[in-house]
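Trainee: My questions all concern the structure below.
All of the numbers you see were taken from the coordinates with simple rules; none came from a lab. None of these values were measured; they are calculated from a predicted model. Cβ: placed from backbone, ideal geometry, glycine included. Neighbour counts: every protein chain shown.
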Amino acid sequence: MKTIKNLSILAVALVVTFAVGCKKDDDTPTPSTGGGGTPPQEEEVITTLILTFVDTAGVQPNVQYAFRDPDGDGGNAPTQHDTIRLAANTYYNASVQLLNEAESPAEDITLEVQNEDDEHLFCYAPSNTNVSIARTDSDGTYEVGITSFWSTGAIANGETTVTLKHQPGVKDGTCAPGDTDIEVTFQTEIQ
């Protein structure tokens, strides 16, 4: 009898634990930092990041390098992850395009970043390669980085990490605050 009573207590405890653990999250939207009581915008899916480079002297051909992960973060491996190859001792104007290619036709997420430029910042971090990068566009207060200027030096191989930070209400011109929308590290060869 004592065993049945103990099993009953254990069963009740498990049911209560399971019910509490599976409690539905509160779906009540909270007001955005923009005021007006509107719900926050839903995160966009970014499957593709494309970098386009134009030699400022018009000598080198325009080049494009991409990262594509059609099923998004997690799941299958990316289907394209290019190596950035740039000429040594050259100046490039660069631009970033973000796409959601899980949609048909593909959705250009770059337009949303432009429309919400006061909430977004592209961060560029070259490592072990002779590249200097400066963002060339602004939200009126801080840089954005959809466009940038790349200056290459001598031949070198390294990598460049491109990160899009989402910084609503906390943008301060640095890459520290906010959430990361996408981050891609490209092998980078200066030839």
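Trainee: Which one of V144, V162, V113, V96 is within 17 Å of T174 (Cα to Cα), touching a residue at least 60 places away in the same chain (Cβ under 8 Å) and hydrophobic (A, V, I, L, M, F, W, C)?
Mentor: V162
Trainee: Within region 174-191, which residues are part of a loop (DSSP other than H, G, I, E, B) and either of a type outside the set (A, V, I, L, M) or in contact (Cβ under 8 Å) with a residue 40 or more places away in the chain (or both)?
Mentor: If the condition is that a residue be part of a loop (DSSP other than H, G, I, E, B) and either of a type outside the set (A, V, I, L, M) or in contact (Cβ under 8 Å) with a residue 40 or more places away in the chain (or both), then T174, C175, P177, G178, Q191 are the ones that fit.
Trainee: Sticking with this structure for a sec: Could you check, for region 158-173, whether at least one of its residues is over 19 Å from L86 (Cα atoms), part of a loop (DSSP other than H, G, I, E, B) and among the basic types (K, R)?
Mentor: yes
Trainee: If you don't mind, another one. Only residues that are under 12 Å from E143 (Cα atoms) and part of a helix (DSSP H, G or I): list them for region 100-123, please.
Mentor: Q114, D117, D118, E119
Trainee: Still on this structure, I have one more. Cβ-Cβ below 9 Å, separation at least six or inter-chain, first residue in region 60-73 and farther than 12 Å from E183 by Cα and in contact (Cβ under 8 Å) with a residue 60 or more places away in the chain, second of a type in the set (V, I, T) and in a strand (DSSP E or B): which pairs?
Mentor: That search, which allows pairs on different chains as well, returns Y65/I50; Y65/T52; Y65/I84.
Trainee: May I pose another question? Examine region 92-110 for a residue that is touching a Ser or Thr at 6+ places or on another chain (Cβ under 6 Å), β-branched (V, I, T) and crowded, with 18+ Cβ neighbours inside 10 Å, and state whether such a residue exists.
Mentor: So far as region 92-110 goes, no, none of its residues is touching a Ser or Thr at 6+ places or on another chain (Cβ under 6 Å), β-branched (V, I, T) and crowded, with 18+ Cβ neighbours inside 10 Å.
Trainee: Another question, if that's okay. When the residues of region 128-156 are filtered to those that are hydroxyl-bearing (S, T, Y) and outside any loop (DSSP other than H, G, I, E, B), which remaining residue is nearest to Y91 (Cα to Cα)?
Mentor: My answer is S151.
Trainee: For region 111-155, how many residues meet the condition of being touching a helix residue (DSSP H, G or I) at 6+ places or on another chain (Cβ under 9 Å), of a type in the set (V, I, T) and surrounded by fewer than 19 Cβ atoms within 10 Å (Cβ to Cβ)?
Mentor: 1
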